[in-house]
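K.L.:
The structure follows.
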Amino acid sequence: MYSDEVMDRYQNPVKNSKMEDYDIKIDEASTTCGDKIILYIKTDGERIKDMTWQGEGCILSIVSTDLFCENSVGKEINGIKEQDDLSFIESFPVKISPGRINCVMLPLRAFRRGTRQPGRE
Amino acid sequence: MYSDEVMDRYQNPVKNSKMEDYDIKIDEASTTCGDKIILYIKTDGERIKDMTWQGEGCILSIVSTDLFCENSVGKEINGIKEQDDLSFIESFPVKISPGRINCVMLPLRAFRRGTRQPGRE
Amino acid sequence: MINTYGNKDDFPIFNKRVNGKRIIYLDSTATTQKPRQVLDAIIGYYEGSNANVHRSVYKLADEATEVYERSRKNIGDFIGSRENEIVFTRNTTESLNLLSYTVGESLKKGDRILITSMEHHSNILPWMRLEERGVILDYVGLDEMGHLDLEDLKSKLKRETRIVSVAHQSNVLGTINPIEEIGKIAKDNGSIFIVDAAQSVPHMPFRIREEYDFVAFSGHKMLGPMGIGVLYGKYNLLEEMPPFNRGGEMIKDVDFHNAIFEDPPIKFEAGTPNVEGAVGLSAAVDYLKNIGMEEVRRHERYLTSITLKSLDGMKNVKYYGPRDPDERGGVIAFNVKDTTNLKKDLEGRNIKVDRLYHSHDIATFLDDRNVYVRSGHHCAEPLMRTLNITGTARASFYVYNGDDDVEAFISSLSEI
Amino acid sequence: MINTYGNKDDFPIFNKRVNGKRIIYLDSTATTQKPRQVLDAIIGYYEGSNANVHRSVYKLADEATEVYERSRKNIGDFIGSRENEIVFTRNTTESLNLLSYTVGESLKKGDRILITSMEHHSNILPWMRLEERGVILDYVGLDEMGHLDLEDLKSKLKRETRIVSVAHQSNVLGTINPIEEIGKIAKDNGSIFIVDAAQSVPHMPFRIREEYDFVAFSGHKMLGPMGIGVLYGKYNLLEEMPPFNRGGEMIKDVDFHNAIFEDPPIKFEAGTPNVEGAVGLSAAVDYLKNIGMEEVRRHERYLTSITLKSLDGMKNVKYYGPRDPDERGGVIAFNVKDTTNLKKDLEGRNIKVDRLYHSHDIATFLDDRNVYVRSGHHCAEPLMRTLNITGTARASFYVYNGDDDVEAFISSLSEI
Ligand SMILES: Cc1ncc(COP(=O)(O)O)c(C=O)c1O
Ligand SMILES: Cc1ncc(COP(=O)(O)O)c(C=O)c1O
C-alpha cells in the first residue's frame, strides 16, 4: 500500500508493546478517524528512557507512532515537544498529502498534550 | 416625467373626489410604497353607476386609479373583476416595467378584493 | 441521448492532468463537477443582468428578479411543485435547520421525532438540538443488508411522534428507501413527513407527492453551484410557520417594534438572495432534463452493477448496503481487509489478525493512482456505530462517469 | 494606480447596451458589479479544484480545502483579524441572525438591546425577534442632519443593555458613525458590541479593533459573488457560543444523542460550504487591495462631493444626511419636489400642494434614461418613519463609477 519501509514497520513495529512501570501514560483518540493510541513513557524527568505504544489506527498514524517511540529514546522531553510540525512531517519516510497530516502528527500531538503536566496519569 | 397623457391626468384627475352616498367603499394601502387610496362606488348591484377616489400614491397608481374609475362607469362589476391582468396593464397609456406593475394594478386589485363581499364597508 | 453519459467533454475539470494523467473523480455524493453550461449561466448572469432583486424599478433589477423567479419556477417544475413552494437556502443542511428552527420550535417536552440510523448528520443534529427541550429522538433500525426495518419504524412511530424525517437515499449504503410507503405511514399517524432528498433529486426521477410535507436538497450535488439549496414545503405549512432568518426582502412592513412578513417563499429568504446560485442551479436542472432523469438513474444503475460485480470477485473487499442494484443508488461504501497483517496481542504473541485497512489508507493508495474516493465516516457516525466500524472508503458515480472510471477504479483497487 | 477608478474595462457588464446606450449603474449600495478577475476566480475554481472540503484525503479535496482556507485568511488579513475568527455566512443578514440565535438566546426578560433609528432591517428584525421573550429593543435617535445623537445613546444605554449593534455607515443617509467611540462606550458598559459593516468594509479602510466583538458584512457588496458573507467574531466569544445551524462538517464526534462540536470557525459552518463564494470574495479583496482602500474612499468622497454640489444647485431636489462629504459615504438618498402639482383638497378646491414625487416615479424616469437608481424604503422603514417620508430615490457609487456617471445622473435628473 505504501513504500516497503512504511509497510515493513507497520507489519513489524518495534515499539508496539505494553509497559508496566511507565512514568507517564498518554491516551490519545481521534474520534473522527477512530484512531486510539496509548503511549507509555519511562523518563528520568528530563530525558526519555523508553517509550512504547499500543492501539489501533491507520497505517500512517501507527508507523508514525512506532517511529516516534523509537526515535525519542534518549532525547530530552522539551526538545521533543519543541520540534516544529513541518520538520516532523518532513522526516516521515513518505510524502504526505495535507489531508493526512493529522495522522502523522498524532504521536507528537499526544506527547505534547500528555507531558504538559509531568507525572499526569 | 411621463407622457403628456399621463401627466395631464395626474395633474387634472377627473374622478378625484369624495363621494357621500356610496354603496361600497374600499380602503387600499400598499404599506411598502406608502400608497393609500380609497375607492367610492355607487352601484345598482350589478353595474357601476359611478366611482371616485381619494388618496396619495405614485403617478402611475394615481393615473391608473383615475382611469379605472372613469372607465368603470356603466360596466358590470363581474366583467370588471374578471378582466385579466395583462390586458389591464396593456391598456394603460404608457409601457410599464415589471417593477411598476403593482402600481398600475392597484385599483383593479383593490376593486376585486373590495367587491368580494358586496355591501362591505 | 446516450452520448451524454460518461461523456466528460462538457466538464472542463476533466481536462485537468495530475502527474500527467487524467483524474478519476468518484466522489459525486459529496459534491459534483460542473458542466460548461452551468458555468456559462453564472458568468452570463454577472455579465448581463446582475442586480439586487425585488422591489426595484430599473431594468437591470427587473431582469435579475425575472431570472431569479424563472429559476425558481424551473426548479419547481423539475420536481413537480408550484414555484411558491420552493424556498432557496444554502444547502440541504440549512433547509433542515430551517425546519428545526420553525416547525421544530412548536414541539414540546415529550413530543418525539423519528429518524433512521442511516441518516446524514444534517438530518440528525438539527433534531438532536431539540432534545435540549425534552423532545425525544428515535432511530429506526436497519436489517443486515442495510434496508430500513419497516416493522421497527411502525413500532417506534408513537402518538407523540410529531415529525418523521428520512433520507430518500443513504449517502453511504446507497439504500433507496420506500418514502412513498413511509410517507403514508407517517401521514396516517398525523406526523409531519420530511424527505432528505440530497441523494435522490440529483440521481433519479423525483416528483413531489401529497405525503411529502417538506423536501430538502442541495444544488452542488446536482451539477449546480455551491451555496444554493432548496427547501420544498407545502404552501399552507409554509404560511403557518414563523419565519427563520429575518431582515431585508422578507417583510411587507416594519415599524420600531412590529413587522408583517412577506408571503412564502420570500418570507424565508432574508437578505440579498443568491441569484447567481439560483440561475446556476436552474441551468443544472436544464442539463439534467436534457439527459432525462430516467436515463441518469439507468446509467448509474449500470455503473453500480458492473462495479459490484467486480467487487464480488475481490476476496479482500467488503462492501455495504443492498446487493441488488435496483435497491440502491450509485454510491458504494467499502473496506479492504488487511490479509497480511501480523500483530502482537496483549500478551505479546504474534498473531494474525483479520482486520480492515483504515479507510484513509485506502483513499491515499487510490489517490496515488489519481482515483479520488472519499473516506471516513461520511457524516454518518451513528450509521458507522450501527455497522460497528469507524469508517469506509466510498466510490460514487454521476452522469460524467463511464466504464473507463469503473475500470480504473477496479484495477487500482486490485493492486492494494 | 489612479487608472482603476471609474474605469469600467474590468467590468464586463458595462459592455451591455440598453436601447443602444450604455448603462449608468448607481445602485452599488444594494449590490455591486463584478470584475473579470472575480469571475475568472470562480470559473478557475470550478475548472481546476472543485471538490468538497475538509476531512478528505485525495488531491482535489486537498486543493479545495486549501483554496477555501486561504480565502479565509486573505479576507481576515484584509480587515486585520485572525483567520479562525472569520466565519463564512450567506450575507450580512445571516451573520446578524446567527448572533441573534446564539448570543441572543442567552438574553432574558428585561435585558435590553440598543440599536439606532438608521439601521437596515437586517440589524433590526433579528433583535425584534427577541422581543417575543421580553427583551427590550431601544433605538438611538438622530439629529436633523442625520448624525447619531450620542447623548441619546448614552442615556439609552442601561445596565440591562446586553447588546449594542450599530451600522458603521447608513445605507440611506450615508452617515459614517463613530464606531470606535460608540464601541468604547458600549464596552465600558459591559455590553457586547456589534458592527454592521455592510456599507463600510467595502468602501473604506477598516481594521478590527479591540472594542468590536462582532462585525458583519456581505461579499456581493464588495465586488464578490452573491451567496457569501462574513461574520468576524472574537475567538473566545465564538468558543463560548453554542453553534447555530447543525449538520455535516461542524462536528468532532456524534453519537445517537450527543455531539461534540468543532472549534470555531468551522463550528458555525454546517453543511457543504460555499467554496466558490469564498474564492470569489477573496479575489474581490485582492482587487480592492490593488486599488487601496484609502483610494476607494477618496474616489467615492470625490464623486459624492461633486454630486452634492450639483444637487445643491437644483431647487426641486432634497437630499438626506450630512452635508459634509467627510462625514458620509458614497450614497445619496434624495427626493424631487413636484412643483407643478395642483390637487383638489378635501373640500374640492384646487390648491397647489408642495409635495414630493414618489421615489418610484423618479427611478422610472431615470430608468428611461438608462440611469439605474434604487427607490423605496431601502429596507430601513423605521428611518423612513423618523424622516416622515415613505421613501427616497438613492444613487450610490463604487470603484467603477466616474465623472461620466455623475454627469449622466445630474443631467437626467435635471430633466424631470
Ligand atoms: C447597512 C446594511 N446592513 C445590512 C444589509 C444587508 O445586507 P445583505 O442583504 O447582503 O444581507 C445592507 C444591505 O443593503 C446594508 O446596507
Ligand atoms: C443524505 C444527505 N443528506 C444531507 C447532506 C448534506 O448536504 P449539504 O452538505 O449540501 O448540506 C448530504 C451530503 O452529503 C447527504 O448525502
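K.L.:
Can you pull out the residues in the stretch D:133-175 that are touching a residue at least 60 places away in the same chain (Cβ under 8 Å) and surrounded by fewer than 17 Cβ atoms within 10 Å (Cβ to Cβ)?
P.N.:
D:Gly141, D:Met145
K.L.:
Would you mention how many residues in the stretch D:261-303 are under 20 Å from C:Asn274 (Cβ atoms), more than 16 Å from ligand 1 (Cβ to nearest atom) and small (Gly, Ala, Ser)?
P.N.:
Number of matching residues: 4.
K.L.:
Can you list the strands (runs of 3 or more DSSP E) lying wholly within the stretch D:107-198 that have 2 or more residues being within 22 Å of the chain's Cα centre (by Cα) and either within 17 Å of D:Asp213 (Cα to Cα) or among the polar types (S, T, N, Q) (or both)? Quick ask: steps written out before the conclusion?
P.N.:
Working: elements: D:112-116, D:136-140, D:161-167, D:192-196.
Of the strands (runs of 3 or more DSSP E) lying wholly inside the stretch D:107-198, those with at least 2 residues that are within 22 Å of the chain's Cα centre (by Cα) and either within 17 Å of D:Asp213 (Cα to Cα) or among the polar types (S, T, N, Q) (or both) span D:112-116, D:161-167, D:192-196.
K.L.:
Is there a residue in the stretch C:381-390 that is at the interface with chain A (Cβ under 7 Å from one of its Cβ atoms), modelled with pLDDT under 95 and surrounded by 23 or more Cβ atoms within 10 Å (Cβ to Cβ)? So that I can check it myself, show each step before the final result.
P.N.:
To start, the set of residues in the stretch C:381-390 that are at the interface with chain A (Cβ under 7 Å from one of its Cβ atoms) comprises C:390.
Keeping just the survivors that are modelled with pLDDT under 95 gives C:390.
From the residues that got through so far, the ones that are surrounded by 23 or more Cβ atoms within 10 Å (Cβ to Cβ) too are C:390.
Yes, the stretch C:381-390 has at least one match.
K.L.:
For the stretch C:228-247, enumerate the residues that are within 12 Å of chain D (Cβ to nearest Cβ) and part of a loop (DSSP other than H, G, I, E, B).
P.N.:
Kept after step one, since they are within 12 Å of chain D (Cβ to nearest Cβ), are these residues of the stretch C:228-247: C:228-229, C:242-247.
Within the stretch C:228-247, C:Ile228, C:Pro242, C:Pro243, C:Phe244, C:Asn245, C:Arg246, C:Gly247 qualify.
K.L.:
Starting from the stretch B:69-86, take each residue that is within 18 Å of B:Lys25 (Cβ to Cβ) and list its partners that are of a type in the set (S, T, N, Q), counting only C-beta distances under 9 angstrom and pairs at least six apart or across chains.
P.N.:
B:Cys69/B:Asn16; B:Cys69/B:Thr52; B:Ile77/B:Thr43; B:Ile77/B:Thr115; B:Ile80/B:Asn71; B:Ile80/B:Ser72; B:Ile80/B:Thr115; B:Lys81/B:Thr115
K.L.:
A further question follows. Among what's in the stretch D:248-274 and is assigned to a strand (DSSP E or B) and of a type outside the set (Val, Ile, Thr), pick the residue that is nearest to the other protein chains (Cβ to nearest Cβ).
P.N.:
Residues of the stretch D:248-274 assigned to a strand (DSSP E or B): D:251-254, D:259-261.
Narrowing the set further to residues that are of a type outside the set (Val, Ile, Thr) leaves D:252-253, D:259, D:261.
Details: D:Lys252: 6, D:Asp253: 4, D:Ala259: 6, D:Phe261: 9 Å.
Within the stretch D:248-274, the match that is nearest to the other protein chains (Cβ to nearest Cβ) is D:Asp253.
K.L.:
I've got another one for you. Determine which member of the set A:Asp8, A:Asp35 is out of contact with any Lys or Arg (no Cβ under 8 Å at 6 or more places or on another chain), of a type in the set (Asp, Glu) and within 30 Å of C:Glu381 (Cβ to Cβ). Reasoning before the result, please.
P.N.:
On the way: A:Asp8 fails: within 30 Å of C:Glu381 (Cβ to Cβ).
Exactly one residue qualifies, and that residue is A:Asp35.
K.L.:
Sticking with this structure for a sec: Being more than 16 Å from ligand 2 (Cβ to nearest atom) and surrounded by 24 or more Cβ atoms within 10 Å (Cβ to Cβ): is that true of D:Thr116 here?
P.N.:
Values: more than 16 Å from ligand 2 (Cβ to nearest atom): yes; surrounded by 24 or more Cβ atoms within 10 Å (Cβ to Cβ): yes.
Taking the combined requirement at face value, the residue satisfies it.
K.L.:
Quick one: is C:Pro225 part of a loop (DSSP other than H, G, I, E, B) and farther than 30 Å from D:Gly277 by Cβ? Full working, then the answer.
P.N.:
Values: part of a loop (DSSP other than H, G, I, E, B): yes; farther than 30 Å from D:Gly277 by Cβ: no.
Spelling it out, it is not the case that C:Pro225 is part of a loop (DSSP other than H, G, I, E, B) and farther than 30 Å from D:Gly277 by Cβ.
K.L.:
Oh, and also: Mind checking which pairs have a first residue in the stretch D:85-113 that is within 15 Å of D:Phe244 (Cα to Cα) and a second that is assigned to a helix (DSSP H, G or I) and within 16 Å of ligand 2 (Cβ to nearest atom), Cβ under 7 Å, 6 or more apart or different chains?
P.N.:
Qualifying pairs under 7 Å: D:Val87/D:Phe268; D:Phe88/D:Ala278; D:Leu98/D:Phe268.
K.L.:
Right, here's the next one. Do we find that C:Thr92 is buried (at least 24 other Cβ atoms within 10 Å of the Cβ) and touching a Phe, Trp or Tyr at 6+ places or on another chain (Cβ under 8 Å) in this structure? Walk me through how you get there before you give the answer.
P.N.:
Working: buried (at least 24 other Cβ atoms within 10 Å of the Cβ): yes; touching a Phe, Trp or Tyr at 6+ places or on another chain (Cβ under 8 Å): yes.
Yes; evaluated as a whole, the condition is true for this residue.
K.L.:
Can you tell me which condition C:Met128 does not meet? The list is (1) within 14 Å of ligand 2 (Cβ to nearest atom); (2) within 14 Å of chain D (Cβ to nearest Cβ); (3) touching a strand residue (DSSP E or B) at 6+ places or on another chain (Cβ under 7 Å), and all the others hold.
P.N.:
Of (1) within 14 Å of ligand 2 (Cβ to nearest atom); (2) within 14 Å of chain D (Cβ to nearest Cβ); (3) touching a strand residue (DSSP E or B) at 6+ places or on another chain (Cβ under 7 Å), only one is false for C:Met128: (1).
K.L.:
Does the stretch D:213-227 hold any residues that are in contact with a Lys or Arg (Cβ under 8 Å, 6 or more places away or on another chain) and within 20 Å of D:Pro126 (Cβ to Cβ), and which are they?
P.N.:
Step one: of the stretch D:213-227, the residues in contact with a Lys or Arg (Cβ under 8 Å, 6 or more places away or on another chain) are D:213-214, D:223-225, D:227.
Across the stretch D:213-227, the qualifying residues are D:Asp213, D:Phe214, D:Gly227.
K.L.:
Then there's this: Take the stretch C:358-372 and flag every residue that is within 7 Å of another protein chain (Cβ to nearest Cβ) and either out of contact with any Cys (no Cβ under 6 Å at 6 or more places or on another chain) or assigned to a helix (DSSP H, G or I) (or both).
P.N.:
Step one: list which residues in the stretch C:358-372 are within 7 Å of another protein chain (Cβ to nearest Cβ), which gives C:358, C:360-361, C:363-365, C:367, C:372.
Of everything in the stretch C:358-372, those that are within 7 Å of another protein chain (Cβ to nearest Cβ) and either out of contact with any Cys (no Cβ under 6 Å at 6 or more places or on another chain) or assigned to a helix (DSSP H, G or I) (or both) turn out to be C:His360, C:Asp361, C:Ala363, C:Thr364, C:Phe365, C:Asp367, C:Tyr372.
K.L.:
For the stretch C:245-279, give me each residue that is over 22 Å from the mean Cα position of the chain (by Cα) and hydrophobic (A, V, I, L, M, F, W, C).
P.N.:
Quick first cut of the stretch C:245-279, residues over 22 Å from the mean Cα position of the chain (by Cα) only: C:245-264, C:266-267, C:270-272.
Selection gives C:Met250, C:Ile251, C:Val254, C:Phe256, C:Ala259, C:Ile260, C:Phe261, C:Ile266, C:Ala270.
K.L.:
Restricting the search to the stretch C:114-125, which residues are touching a residue at least 60 places away in the same chain (Cβ under 8 Å) and either more than 9 Å from every other protein chain (Cβ to nearest Cβ) or touching a Gly at 6+ places or on another chain (Cβ under 7 Å) (or both)? Steps first, answer last, please.
P.N.:
Of all residues in the stretch C:114-125, those touching a residue at least 60 places away in the same chain (Cβ under 8 Å) come to C:114, C:116-124.
Answer for the stretch C:114-125, where residues must be touching a residue at least 60 places away in the same chain (Cβ under 8 Å) and either more than 9 Å from every other protein chain (Cβ to nearest Cβ) or touching a Gly at 6+ places or on another chain (Cβ under 7 Å) (or both): C:Leu114, C:Thr116, C:Ser117, C:Met118, C:Glu119, C:His120, C:His121, C:Ser122.
The rows are residues; the columns are (1) farther than 30 Å from C:Arg90 by Cβ; (2) hydroxyl-bearing (Ser, Thr, Tyr).
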| position | (1), (2) |
| --- | --- |
| D:Val254 | no, no |
| D:Ile260 | no, no |
| D:Glu269 | no, no |
| D:Val285 | no, no |
| D:Arg297 | yes, no |
| D:Tyr319 | yes, yes |
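K.L.:
For the list (1) part of a helix (DSSP H, G or I); (2) more than 8 Å from chain D (Cβ to nearest Cβ); (3) away from ligand 2 (no atom under 16 Å from the Cβ); (4) crowded, with 24+ Cβ neighbours inside 10 Å, I need the number of the one condition that C:Glu69 fails.
P.N.:
Looking at each condition in turn, C:Glu69 falls short on (4).
K.L.:
Among the residues of the stretch C:215-222, is any away from ligand 1 (no atom under 16 Å from the Cβ), part of a helix (DSSP H, G or I), of a type in the set (D, E, K, R) and closer than 23 Å to C:Ile42 by Cβ?
P.N.:
Within the stretch C:215-222, the first condition is being away from ligand 1 (no atom under 16 Å from the Cβ), and the residues that meet it are C:215-222.
Within this subset, residues satisfying the condition of being part of a helix (DSSP H, G or I) are C:219-222.
Filter once more, keeping what is of a type in the set (D, E, K, R): C:221.
Narrowing the set further to residues that are closer than 23 Å to C:Ile42 by Cβ leaves C:221.
Yes, the stretch C:215-222 contains at least one residue that is away from ligand 1 (no atom under 16 Å from the Cβ), part of a helix (DSSP H, G or I), of a type in the set (D, E, K, R) and closer than 23 Å to C:Ile42 by Cβ.
K.L.:
If we scan the stretch C:35-47, do we find a residue that is closer than 15 Å to C:Tyr398 by Cβ and buried (at least 24 other Cβ atoms within 10 Å of the Cβ)?
P.N.:
Yes: one or more hits.
K.L.:
Taking the stretch D:20-65 on its own, how many of its residues are more than 14 Å from chain A (Cβ to nearest Cβ) and among the basic types (Lys, Arg)? Don't jump to the end; show me each part of the working.
P.N.:
Our first condition is that a residue be more than 14 Å from chain A (Cβ to nearest Cβ); within the stretch D:20-65, this holds for D:20-48, D:50.
Checking which are among the basic types (Lys, Arg) leaves us with D:21-22, D:34, D:36.
Of the residues in that region, 4 qualify.
K.L.:
Residues that are within 14 Å of chain C (Cβ to nearest Cβ) and among the polar types (S, T, N, Q): which helices (runs of 4 or more DSSP H) entirely in the stretch A:1-101 hold 3 or more of them?
P.N.:
Numbers: elements: A:4-11, A:59-72, A:77-82, A:85-90.
Passing ranges, in order: A:59-72.
K.L.:
So if I check each of C:Asn50, C:Asn7, which one is outside any helix (DSSP H, G or I) and more than 27 Å from the chain's Cα centre (by Cα)? Walk me through how you get there before you give the answer.
P.N.:
Numbers: C:Asn7 fails: more than 27 Å from the chain's Cα centre (by Cα).
Unique residue meeting the criteria: C:Asn50.
K.L.:
Which one of these does C:Gly20 not meet: (1) at positive phi; (2) surrounded by 19 or more Cβ atoms within 10 Å (Cβ to Cβ)?
P.N.:
Condition (2) is where C:Gly20 drops out.
K.L.:
Go through the stretch D:17-45 and give me each residue that's aliphatic (A, V, I, L, M) and either within 16 Å of ligand 2 (Cβ to nearest atom) or within 18 Å of C:Val38 (Cα to Cα) (or both).
P.N.:
Pass one, the stretch D:17-45, residues aliphatic (A, V, I, L, M): D:18, D:23-24, D:26, D:30, D:38-39, D:41-43.
Passing the criteria: D:Val38, D:Leu39, D:Ala41, D:Ile42, D:Ile43.
The values are calculated or read from the model by the stated rules, or taken from the named source; none is laboratory data. Quantities reported herein were computed from a predicted structural model and do not represent experimental measurements. Note that each Cβ is placed from the backbone with ideal geometry, even for glycine, and that neighbours are counted across all protein chains shown.
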